[in-house]
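For reference, the structure is listed below as structure tokens.
The values are calculated or read from the model by the stated rules, or taken from the named source; none is laboratory data. Since we're looking at a predicted model, the values are computed, not measured. Note that we place each Cβ from the backbone using ideal geometry, even for glycine, and neighbour counts take in every protein chain shown. The protein model used for the area step is the full one, side chains on, heavy atoms only, and it has no ligands, DNA or RNA in it. Shrake-Rupley method; radii C 1.70, N 1.55, O 1.52, S 1.80 Å.
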Amino acid sequence: MDTTCPNCERDSLQGFYHVSGVPVHTVLLMPSRDEAIHYPRGDIELGWCTTCGFISNVAFDKRLLSYSSRYEETQSCSETFGDFHRSLCDRLIKRYQLRAKRIIEIGSGKGEFISQLCERGENSGMAFDPAYVEGRVSKDAAKHVTFVTDFYSERYGRLQADLILCKMTLEHIPDTGTFIKMLRRNIHSQDTGVFFQVPDATRILNAGAFWDIYYEHCAYFTPDSLAHVFQQSGFDVEDVYRDYDGQYLMIHARPARRQIGELFCPVASIDMKAAIDLFISHVKRARATWRNRIAEKYGQDRRIALWGGGSKAVAFVNTLSLNEEIEQIVDINPHKHGTFLPGTGHPIVPPKALQEARPDLIIIMNPVYQQEINQALTELGVKAELAVLH
Ligand SMILES: [Zn+2]
């Protein structure tokens, strides 16, 4: 295994977690069961850095991935997520005084967030994402934004902005150190604000959340390793905090005005060695618990459904090698209905399909949506035992 850390570039990675043969894409729309089952697979071989705390999939091969319009990552169908986006939008407008300003978004997905930010603040935006699909945001919302269906890179250095934001994208980039250094070189003004959002690996480690480890995510950050990569790349870190019920890490930075000094990270450091040891024992237990619980229900001829047809579901069923035990996977995103889960080929259905399917057990993939799901089930008149991944 290559032991060079892609975040801090020291020779200090140590392997600790392995899953072989997982589908390389977890949110790509699969139009047939056959294509879903035969989708290319890759290995996960996680190493953690004893210098900066970064976690990397050293077996990651970016050539296996294709971020195209079939990449369906949006979460904005959920009301809970919509509220989070609105509140984040308000906070960014206030913090960076975003009125008639220029904004760049790296990894803008279908463009919902930057459109909202530009529409509400009368700003103008440049949005980069190879998975952009025209027409998914309203014409009014999109008129302030120029969409570029490409990866953001050195070649876009001539474009300057008052704020550069990047949400849920850095964890897809293997060479995080190289990427953040490129971003720094692209910025010409020290007044440019930079905001990044990534999943928080601390929670994954503490919970043994193996369902949050999947192929597209080749990079996993703790507050320390996130602050580290910005600071060593020439940024002053202004703030690091957790959001969305502790699932996300947020960082605010600006081009550095001073020499690199002591690492500034306002969130308490974690003991990575202890966290990794805990993760290893928690994963072992979590896998056994879920396997037994599902096998027991299935053995009693009970019907089981999952709620949430995204990356967590793919990691959950593929890591536990679940097949006929799960009848269907529910998702509220209409673009997913009639498609199949990568790797196992489970059908993805709308919530109303449960009125006929009548599952006895529904496993909820993300606790943050539990209330929303409860309400939907009540409205549909579906009664089932609920279990939640925490
Ligand atoms: Zn490192």
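Of all the residues in region 284-302, those that are out of contact with any strand residue (DSSP E or B) (no Cβ under 7 Å at 6 or more places or on another chain) and either buried (at least 17 other Cβ atoms within 10 Å of the Cβ) or part of a loop (DSSP other than H, G, I, E, B) (or both) number 4. Note on region 350-374: among residues that are among the polar types (S, T, N, Q) and surrounded by 14 or more Cβ atoms within 10 Å (Cβ to Cβ), the one that is nearest to residue 209 (Cα to Cα) is 366. Residue 325 passes every criterion in (1) at pLDDT below 95; (2) part of a loop (DSSP other than H, G, I, E, B); (3) of a type outside the set (Val, Ile, Thr) apart from (1).
Selection over region 36-62 of residues that are within 16 Å of the ligand (Cβ to nearest atom) and hydrophobic (A, V, I, L, M, F, W, C) gives a count of 8. For region 375-390, a tally of residues being part of a loop (DSSP other than H, G, I, E, B) and surrounded by fewer than 17 Cβ atoms within 10 Å (Cβ to Cβ) returns 3. The criterion of at least 2 residues that are crowded, with 23+ Cβ neighbours inside 10 Å is met by the following strands (runs of 3 or more DSSP E) wholly inside region 105-180: 124-128, 163-167. Candidates in region 303-347 are the residues that are open to solvent by 50 Å² or more (accessible area, probe 1.4 Å) and under 19 Å from the mean Cα position of the chain (by Cα); of these, the one that is nearest to residue 216 (Cα to Cα) is 335.
Taken together, the criteria place residue 296 among residues that are modelled with pLDDT of 95 or more and among the acidic types (Asp, Glu).
Within region 199-229, the set of residues being within 15 Å of the ligand (Cβ to nearest atom) and either of a type in the set (Val, Ile, Thr) or part of a strand (DSSP E or B) (or both) comprises 219, 220, 221, 222, 229. If you go through region 230-243 and keep only what is crowded, with 18+ Cβ neighbours inside 10 Å, away from the ligand (no atom under 16 Å from the Cβ) and aromatic (Phe, Trp, Tyr), you end up with just 235.
Counting the residues of region 131-156 that are at pLDDT 90 or above and either among the hydroxyl-bearing types (Ser, Thr, Tyr) or under 25 Å from residue 179 (Cα atoms) (or both) gives 12. Pairing each residue of region 351-371 that is among the polar types (S, T, N, Q) with any residue that is outside any helix (DSSP H, G or I) and open to solvent by 40 Å² or more (accessible area, probe 1.4 Å), provided the two are 6+ apart or on different chains, yields C-beta distances under 7 Å for 355/381. Flag set for residue 191, criterion: away from the ligand (no atom under 13 Å from the Cβ) and either in a loop (DSSP other than H, G, I, E, B) or over 22 Å from residue 109 (Cβ atoms) (or both). With respect to residue 80, determine if the residue is surrounded by 14 or more Cβ atoms within 10 Å (Cβ to Cβ), within 30 Å of residue 278 (Cβ to Cβ) and at pLDDT below 95. In short, yes. For region 218-227, a residue qualifies if it is modelled with pLDDT of 95 or more and either of a type in the set (Asp, Glu) or open to solvent by 10 Å² or more (accessible area, probe 1.4 Å) (or both), and exactly one does: 220. Count of region 1-35 residues, restricted to those that are acidic (Asp, Glu), within 16 Å of the ligand (Cβ to nearest atom) and under 24 Å from the mean Cα position of the chain (by Cα), is 1. Within region 253-279, the set of residues being at pLDDT 80 or above and in a loop (DSSP other than H, G, I, E, B) comprises 256, 257, 270, 271.
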